[in-house]
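Since the structure comes first, as structure tokens, the remarks are kept for the end.
Nothing in this text is a laboratory measurement; each read-out follows from the coordinates by a stated rule. This is a predicted model, so every value here is computed, not measured. Backbone-built Cβ (ideal geometry, glycine too); neighbour counts: all protein chains shown.
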Amino acid sequence: MNSKTLSFQPVSGMQVPRFAGIPTFMRLPHVALEDAHISQVDIGIIGVPWDGGTTNRPGARHGPRQLRDYSTMIRARHPVSGMMPFELRNCADLGDCPVNPADTMDTLARVTDYYKALHNAGVTPLTAGGDHMISLPVLRGLAQGGPLGMIHFDAHTDLFDSYFDGCKFTHGTPFRRAIEEGLLDPKRVVQIGIRGTTYDDSDLIWGRQQGIRIIPIEEVYETGIDAIMHEARAIVGQGPTYVTFDIDSIDPAYAPGTGTPEIGGFTTFEAQKMVRQLDGLNLVGADLVEVSPPFDPTGGTAWVGVSIMFELLCVLAGRQS
Ligand code: MN
Ligand code: MN
């Protein structure tokens with residue numbers, strides 16, 4: 001294939017109806033990491049179909065396929081900013097990252113290698129999980145130039161030390177590992193929407209000792225979303241920053257299809273407003289995790305997920321660099 005002839009435009013719903021055709025992410029062309037066209041890709045959308053870090057109800061391994069299907073309903077233009085991300089940046093569906101469903105440590109190695117190669121190819125990743133453990137190897141791939149800042153939307157801190165007497169790699173532990181490994185600068189990490197019952201407060205105590213700004217959802221509503229996002233932007237500043245969005249930050253009334261739901265969460269509109277306020281930050285990548293299709297019989301959670309992915313894509317596309 002001639003590397004100059006690939007169109008990075010999505011298949012138009014005016015040419016082929018959105019329910020028809022092969023469901024790539026947002027109807028974009030498929031470009032694999034090993035293809036020559038990878039050098040032309042600015043933003044790659046990748047699935048990581050893995051849920052071996054799940055401690056409760058599984059199924060997020062099926063997330064990427066379901067999210068691809070629902071993403072075909074996404075159109076080209078952002079309704080508020082008017083941005084046309086697919087005209088601003090070359091975007092592509094890079095397919096699914098290699099995983100090993102029977103081996104956590106091997107999966108961590110495979111995902112790390114993949115994201116290192118992606119980073120070296122100059123591609124900014126927008127990842128669809130998978131459970132939240134996958135953010136750890138993604139960060140290993142992206143933080144090669146030093147620790148990153150992070151804005152983290154979640155009902156949970158994912159800062160626990162271990163599960164089941166010493167298991168260090170679960171979806172409840174990735175950001176503790178990431179800080180221990182020097183992938184994140186804890187003073188440039190902010191967690192928004194924390195709530196729900198826990199076994200203890202060791203996550204909060206450890207996280208605050210590190211300097212992480214942990215914002216329970218009560219504080220978000222008392223302070224207001226605009227002020228919280230203003231603070232979050234100040235915390236990460238203009239240094240390189242990752243965004244991770246756990247679908248369970250949204251109320252299970254809107255997004256029940258997830259393994260660890262917690263009531264009292266964000267509305268979908270509040271989530272859109274928060275992500276839109278990441279515009280202009282120095283973002284090195286983003287992910288949307290924990291959509292579990294077996295708990296999503298209507299498909300509504302996948303639709304929320306891909307809609308948030310489009311918001312994330314727009315703030316990635318709007319970077320200055
Ligand atoms: Mn999480
Ligand atoms: Mn969570």
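Taking other residues whose beta carbon is less than 13 angstrom from the beta carbon of A121, and scoring Lys, Arg as +1 and Asp, Glu as -1, yields -3.
Measuring r between the beta carbons of D165 and Q144 and using R0 = 35 Å, the FRET efficiency lands at 0.60. Across the stretch 94-203, the fraction of Cα-Cα pairs farther apart than 23 Å, rounded to a whole number, is 28%.
Stokes-Einstein, applied to the Kirkwood radius of the chain over Cα pairs at a viscosity of 0.692 mPa s and 37 °C, places its translational diffusion at 170 µm² s⁻¹.
Each residue of the stretch 168-173 is assigned a 3J(HN,Hα), and the resulting list reads 8, 10, 9, 6, x, 10 Hz, derived from the Karplus form 6.51 cos²θ - 1.76 cosθ + 1.60 (θ = phi - 60°), x at Gly and Pro. Based on DSSP, what percent of beta bridges with both residues in the chain are antiparallel, to the nearest 5? Taking every DSSP beta bridge with both residues in the chain, the antiparallel ones total about 5 percent.
FRET efficiency for the K273 to T5 pair, using the beta carbon distance and R₀ = 35 Å, is estimated at 0.35.
Going by a ≥ b ≥ c, the root eigenvalues of the Cα gyration tensor, does the stretch 25-86 fall in the rounded group (a/c under 1.5), the prolate group (a/b larger than b/c) or the oblate group?
Oblate is the answer for the stretch 25-86, as a/c is 1.5 or above yet b/c matches or exceeds a/b.
Residues M105, M309, M73, M133 in ascending order of nearby Cβ atoms (within 10 Å, fewest first): M105, M73, M309, M133. The alpha-carbon atoms of the stretch 193-267 define a convex hull whose volume equals 112 cubic angstrom per residue.
With the cut-off at 1.5 for a/c, could you classify the stretch 1-126 from its C-alpha gyration tensor as rounded, prolate or oblate? Because a/c hits 1.5 or more and a/b fails to exceed b/c, the stretch 1-126 counts as oblate.
Would you mind calculating the gained length between A253 and L88 on full extension (0.36 nm times residue separation, minus the Cα-Cα distance), in nm to one decimal?
56.0 nm
Highest mean packing comes first when the peptides 190-201, 157-168, 280-291, 83-94 are listed by Cβ atoms within 10 Å, giving 280-291, 83-94, 190-201, 157-168.
To the nearest 0.05, what FRET efficiency results for N282 and D201 with a Förster distance of 35 Å applied to their C-beta separation?
On the way: r = 32 Å, r/R0 = 0.93.
Once the sixth-power term is evaluated, E becomes 0.60.
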